[in-house]
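Encoded as structure tokens, the structure appears first; notes follow it.
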Amino acid sequence: MQVAIDGPASAGKSTVAKIIAQKLDFIYIDTGAMYRACTVIARSHHLDYGDEAGILKAIDQDGIELKAVNGEQKVFAGTKDISREIRTPEISANVSQVSALAGVRAKMVILQRQMAGKVNVIMDGRDIGTTVLPDAEVKIFLVATPRSRAERRMLDLQERGIKSNKTVDEIEQDIADRDYKDSHREISPLKKASDAIEIDTTTMSIDQVVAAILAKIKKSQKKL
Ligand code: DC
């Protein structure tokens, strides 16, 4: 079974996807982490974030891997663990530019489909239901107000111990800028698939969102 979870930044996609994957023993694939890894690789090779050919070559040289280490999903560029670096404000500010590059998207989509293979998978991102897994049995589109997403992002950064001097207003603006770029790019923009179920998580707890998605999955499993 394939479950696709899409939506704008900080709508809670990865939090709920991880919990559901654990409960159902599905493989969880965080595609945003893969585009973030491409951005870290561009940076470490001192490339311009628009240098498509250079970035593609650097990705081939380093290689991107998602690995479970002690039950936690880690992101590697070659042998280097970049799980923390991918979440830094510098990377968040530039990932939309790198993820808009056609060649980078083509490469990541191939990798994502290979990773999904024939296992039960829950994948989150922006174009999973529309492009990566168009035949997914369950498609969810998670949304929340920009303010609540900014508050969640701030908490998330604090919990990860990542320093940021930004106010909630500034984070809200950053998120709005990124959403605009992600939904207005030419290739596979952030868009709700026509057969996706939209869930507004603004006033919902994590448990409530998990329960709502689990119910959709159970319903779909009965049909199989
Ligand atoms: O989910 P996230 O915030 O970690 O994603 C980081 C960026 O990667 C996001 O701003 C857009 C891009 N992205 C994408 O273009 N397609 C995906 N499937 C996932 C993420």
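What follows is calculated from the coordinates using simple rules that are stated; it is not laboratory data. In this text, all values refer to a predicted model and were calculated from it rather than measured experimentally. Quick reminder, even Gly has a Cβ in these numbers, built from the backbone with ideal geometry, and neighbours come from all protein chains shown.
Between segment 83-144 and segment 14-68, what is the separation of their alpha carbon centroids in Å?
One Cα centre to the other: 9 Å.
Would you mind checking the pairs 18/139; 139/191; 191/219; 67/219; 18/163 and listing those with alpha carbons more than 20 angstrom apart?
191/219; 67/219; 18/163
Taking 22 Å as R0, compute the FRET efficiency from the Cβ-Cβ separation of residue 137 and residue 25 and round it to 0.05.
Given R0 = 22 Å and the Cβ-Cβ separation, E is 0.85.
Taking θ = phi - 60°, what integer Hz values does the Karplus form 6.51 cos²θ - 1.76 cosθ + 1.60 yield along segment 97-105, in sequence order, with x for Gly and Pro?
5, 5, 6, 8, 6, 4, x, 5, 4
In square nanometres, what is one fourth of the surface area of the convex hull spanned by the alpha carbons of segment 106-180?
Computing the convex hull of the Cα atoms and averaging its projections yields 6.7 nm².
Counting residues in the chain as N, plug N into 2.2 N^0.38 Å and put the Cα Rg over that result.
Normalised by 2.2 N^0.38 Å, the Cα Rg of the chain equals 0.97.
Taking only DSSP H segments of four or more residues, each worth -39500 (n - 2.57), what value at 222 nm results for the chain once the sum is divided by all its residues, to the nearest 500 deg cm²/dmol?
-16000 deg cm²/dmol
Name the residue, out of 92, 44, 188, whose mean-square fluctuation peaks in a Gaussian network model built on the chain with Cα pairs under 10 Å.
44
Rg/Rh for segment 133-224: what does it come to with C-alpha atoms and Rh from Kirkwood?
Result for segment 133-224 is an Rg/Rh of 1.04.
Only loop residues by DSSP count here, and only those with at most 16 other Cβ atoms within 10 Å; note down the trypsin sites (Lys or Arg not before Pro) in segment 3-105 that meet that.
Answer by residue number: 84.
Inverting the mean 1/r over all pairs of different Cα atoms, compute the Kirkwood radius of segment 1-78 and quote it in Å.
Taking every pair of different Cα atoms in segment 1-78, averaging 1/r and inverting gives 14.0 Å.
For a quick check: with amide H placed at 1.01 Å from N, whose amide H comes under 5 Å from residue 29's, ignoring anything fewer than 5 positions away on the same chain?
Placed amide hydrogens put 122, 123, 124 under 5 Å from residue 29.
Using amide H atoms built 1.01 Å from N in the peptide plane, name the residues 5+ places from residue 143, or on other chains, whose amide H lies under 5 Å from its own.
199, 200, 201
So for segment 48-155, Kirkwood radius off the Cα pairs, Stokes-Einstein at 37 °C and 0.692 mPa s: how many µm² s⁻¹?
The calculation lands on 205 µm²/s.
Quick one: Kirkwood hydrodynamic radius for segment 61-107, alpha-carbon pairs, angstrom, one decimal?
It works out to 11.9 Å.
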